[in-house]
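Colleague: I'd like to ask some things about the structure below.
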Amino acid sequence: MIQKPTTTLHTIQKGKQSLQYETDIFIKESASIVGTKEGQGPLADLFDMVGSDDMFGCPNWEAAESTLQKDAVYMALGKAKLKPSDMRYIFAGDLLGQSIASSYGILNYEIPYFGLFGACSTCGESLSLGSMAICGGFADKVVCVTSSHFASAEKEFRFPLEYGNQRPLSATWTVTGSGAFVLTNSREKNEKVRARITGITTGVIQDYGLKDSMNMGACMAPAASNVIYQNFMDFDRSPKDYDKIITGDLGTVGQAALLELLRDQGFDIAEQHMDCGIEIYDAQKQDTHAGGSGCGCAATVLSAYVLKQIEEGIWKRVLFIPTGALLSKTSFNEGQNIPGIAHGVVLEHVS
């Protein structure tokens with residue numbers, strides 16, 4: 001039975017860019033799969049699966065990434081004790097042309113499919129649209145999944161691995177990984193769920209004129225700043241209203257830019273801020289320069305680490321903001337700027 005919305009559109013809309021949900025929208029379960037480099041980082045023991053080979057038994061990098069999505073969805077559904085046929089929709093996306101990692105990866109599940117592209121912000125976009133579908137009464141159960149792969153992304157956007165190009169210190173390392181999330185509108189009495197989605201803040205494309213594809217953190221920081229600032233305005237909140245404010249992919253360079261941008265607007269989030277791209281790798285031991293990025297960065301850290309803290313009640317309320325750089329090979333070769341986008345999701349503990 002699909003739950004009918006119990007609030008009017010007027011009460012759901014919040015401020016300029018946000019929605020506040022009064023209906024129950026739970027992250028029932030999730031799953032994370034990562035590659036070998038991520039399995040050597042500080043969060044290694046928290047991931048559901050660490051691959052022993054970044055090819056994941058496939059003949060090419062693109063097929064390997066599709067396998068990541070397929071297996072992440074399989075594990076998330078299994079942990080939730082649900083079948084593909086129980087899902088009303090699947091919201092999926094990746095970084096590859098025509099979103100082939102998603103379309104080939106989830107092909108055999110035969111779940112009604114929305115293909116998304118928000119670059120590295122796709123995890124936030126999928127959770128936003130999935131939760132909107134449930135809030136509106138259009139679905140009772142959906143699955144959201146996204147992925148990235150270091151080798152397929154380098155091949156798509158930068159240089160062939162065989163080229164062995166030098167990476168500047170501002171560069172981030174594309175995470176090999178996939179995260180999948182099962183969203184539902186109900187739970188059994190005393191049933192444990194990972195978190196409740198209580199609201200979202202949808203980002204506006206931000207273009208500060210940057211063109212350096214090896215400094216993605218700086219390109220994306222303005223978009224994150226926009227979402228955080230607008231979330232504070234729309235919900236009448238301040239940094240202290242969140243235990244953590246978590247960006248997805250800024251790395252050390254982007255983090256510094258974000259903190260400065262928000263200070264200029266009167267908010268200091270240094271105490272609450274955390275970035276998935278900084279957390280997933282060990283900066284002292286792993287040669288990842290500014291940190292991690294890619295669709296799989298925010299998704300795997302959310303599933304493995306962030307939701308664990310929320311589920312256990314260590315963090316009561318979190319603002320989760322994956323960020324993306326909206327470039328393509330064509331736009332880069334034409335010398336275009338690199339705009340950014342971010343999508344904010346408010347996650348709360350369920351007792």
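Colleague: Does a label point 7 Å from the Cα of residue 333, set along Cα-to-beta-carbon, have any residues of the stretch 82-125 with amide nitrogen under 18 Å, and which are they?
Modeller: Under cut-off, by backbone N: 96-99.
Colleague: Measuring from centroid to centroid over Cα atoms, what is the spacing of the stretch 238-294 and the stretch 13-56 in Å?
Modeller: Cα centroid to Cα centroid, the span is 17 Å.
Colleague: Tell me, what is the percent relative contact order of the stretch 197-348, built from C-alpha pairs under 8 Å that lie six or more residues apart? Working shown, then result.
Modeller: Values: 312 pairs, mean separation 58.1, N = 152.
Result for the stretch 197-348 is 38 percent.
Colleague: Based only on other Cβ atoms within 10 Å, what is the fewest-to-most ordering of 192, 70, 316?
Modeller: Details: 192 10, 70 24, 316 14.
Taking fewest neighbouring Cβ atoms as first place, the list is 192, 316, 70.
Colleague: Along the charge dipole of the stretch 197-348, which of 258, 221, 326 sits closest to the positive end, that is, farthest toward it, with unit charges on the beta carbon of Lys, Arg, Asp and Glu (+1, +1, -1, -1)?
Modeller: Sorting the options by dipole projection puts first 326.
Colleague: Can you put 16, 155 in order of Cβ neighbours within 10 angstrom, beginning with the fewest?
Modeller: On the way: 16 11, 155 16.
Ordered from fewest to most neighbouring Cβ atoms within 10 Å, 16, 155 come out as 16, 155.
Colleague: On average, how much area does the Cα convex hull of the stretch 197-348 cover when viewed from any direction, in nm²? It would help to have the intermediate numbers written out before the result.
Modeller: Details: hull surface 35.7 nm².
The Cα convex hull of the stretch 197-348, projected and averaged over all directions, gives 8.9 nm².
Colleague: Give me a comma-separated list of calculated 3J(HN,Hα) values for the stretch 296-310, in order, Karplus coefficients 6.51, -1.76, 1.60 applied at θ = phi - 60°, integers in Hz, x for any Gly or Pro.
Modeller: x, 5, 4, 5, 6, 5, 4, 5, 7, 10, 5, 5, 5, 5, 6
Colleague: What is the local net charge at residue 342, summed over the other residues whose Cβ is closer than 14 Å to its Cβ (Lys, Arg +1; Asp, Glu -1)?
Modeller: Working: positive: none; negative: 125, 207, 249, 275.
Net of charged neighbours comes to -4.
Colleague: Which length gain, in nm to one decimal place, applies between residue 52 and residue 192 when the Cα-Cα distance is subtracted from 0.36 nm times their residue separation?
Modeller: Details: separation 140, 0.36 × 140 = 50.40 nm, distance 3.13 nm.
Fully extending the segment from residue 52 to residue 192 adds 47.3 nm.
Colleague: While we're on this one: At what distance in nm do the modelled label points of residue 79 and residue 103 sit from each other, each positioned 7 Å from its Cα along Cα→Cβ?
Modeller: 2.9
Colleague: Taking R0 as 22 Å, what's the FRET efficiency between residue 283 and residue 213 from their Cβ-Cβ distance, rounded to 0.05?
Modeller: 0.55
Colleague: Right, here's the next one. Can you say what percent of the DSSP beta bridges in the stretch 1-135, counting only those with both residues inside, are antiparallel? Round to 5. Show your work: numbers first, answer last.
Modeller: Values: 2 of 9 bridges.
Restricted to the stretch 1-135, the bridges split so that about 20 percent are antiparallel.
Since every read-out is calculated from the coordinates, none of them should be taken as a lab result. Nothing here was measured: the structure is a model prediction, and the numbers come from that model. Neighbour counts run over all protein chains shown; Cβ positions are idealised from the backbone, glycine included.
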